Amino acid sequence: MNISKTLLICAGVLMLTACATKDYSAESLKHYTAKQLLTTGEQALAKHNYKDSIKYLEAIDALYPFDPEAKQSQIDVIYAYYKAEDYASALGAADRYIHLYPSGEHTDYAYYVKGLVNFEKDRTWLQRIHPTHAEELDLSTLQDSFVDFETLIKLFPKSVYAKDAEKRMLHIRDLLASRELQTAKFYFDRKAYIAAANRASYIIKHLEGAPQVLDALKIMFKSYRALGAEKQANDVLRILQMNFPKEHV
């Protein structure tokens, strides 16, 4: 079998898998009570049978939207969609929960899963297996993920997810800084010194604490020197010497 045919078959399997999560009618489950649907859905979730879990959990919202089980099913289905890698539905379910229960018992969890989804949704399976290089990532989704975790910590500082969210924010910060530094170097090497200085400045202003700050300061200094902007270059040099006294440009 040639490669192109194999890829087409794989793509077809993926499409069928993606569509399968919603290949059902809630009406076909109306003989279940809300409690039975929740129990069955959570049991399927525990067994990693995400397709069936989603089916039962979504049916609660359709058939019994005002029953107490509906609220729990709405939070469970966020995780089920996330684990099924149906990221668009996971984000939709999380946003809906946050809108309905802005200060709810599990709203912190909805923000947490949003952060996880936005970090992972545009990565290929190869990028998940191997260490991710910053240049391969979508900056917009990384920034969305950062904001999700930041909002979680701001609104729910005592959340059980806050500490892990903070660690993930630091990791995202470093990835963003690495990407910006690569771009700054790209511009500097091509003698686009204003663009290089602007990119480096972004790291210093918005990604404070990242390991790339030192190199960003050096690029700013060299860029201003190359532009003949001695005052700006000297200002950057003072900041560099103050924060990194052992470094030499």
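The values are calculated or read from the model by the stated rules, or taken from the named source; none is laboratory data. All figures in this text were calculated on a predicted structure; none of them were measured in a lab. All Cβ positions, even for glycine, are placed from backbone atoms using ideal geometry, and neighbour counts span all protein chains on display.
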Among residues belonging to the range 62-76 that are part of a helix (DSSP H, G or I) and acidic (D, E), point out the one that is farthest from K114 (Cα to Cα). E69
Could you say which residue among A94, A110, A84, A90 is modelled with pLDDT of 95 or more, over 22 Å from I172 (Cβ atoms) and surrounded by 15 or more Cβ atoms within 10 Å (Cβ to Cβ)? A84
Residue ID - nearest to A84 (Cα to Cα), chosen from residues in the range 26-63 that are of a type in the set (S, T, Y) and surrounded by fewer than 20 Cβ atoms within 10 Å (Cβ to Cβ): T40
Members of the range 45-84 that are charged (D, E, K, R), without any contact (Cβ under 8 Å) to a residue 24 or more places away in the chain and more than 12 Å from L29 (Cβ to Cβ): K47
Could you go through the range 39-61 and let me know if any residue there is modelled with pLDDT under 95, assigned by the TED database to the domain that holds Y111 and assigned to a helix (DSSP H, G or I). yes
Out of curiosity, is F188 farther than 30 Å from A94 by Cβ, in contact with a Leu (Cβ under 6 Å, 6 or more places away or on another chain) and in contact (Cβ under 8 Å) with a residue 12 or more places away in the chain? no
Can you find a residue in the range 163-173 that is farther than 17 Å from V113 by Cβ and assigned to a loop (DSSP other than H, G, I, E, B)? no
Looking at the range 133-151, which of its residues are of a type in the set (S, T, Y) and at pLDDT below 95? S140, T141
I'd like to check something: does the range 152-164 contain any residue that is hydroxyl-bearing (S, T, Y), surrounded by 13 or more Cβ atoms within 10 Å (Cβ to Cβ), farther than 23 Å from D235 by Cα and at pLDDT 95 or above? yes
Within the range 216-249, the count of residues that are out of contact with any Phe, Trp or Tyr (no Cβ under 6 Å at 6 or more places or on another chain) and surrounded by 18 or more Cβ atoms within 10 Å (Cβ to Cβ) comes to 8
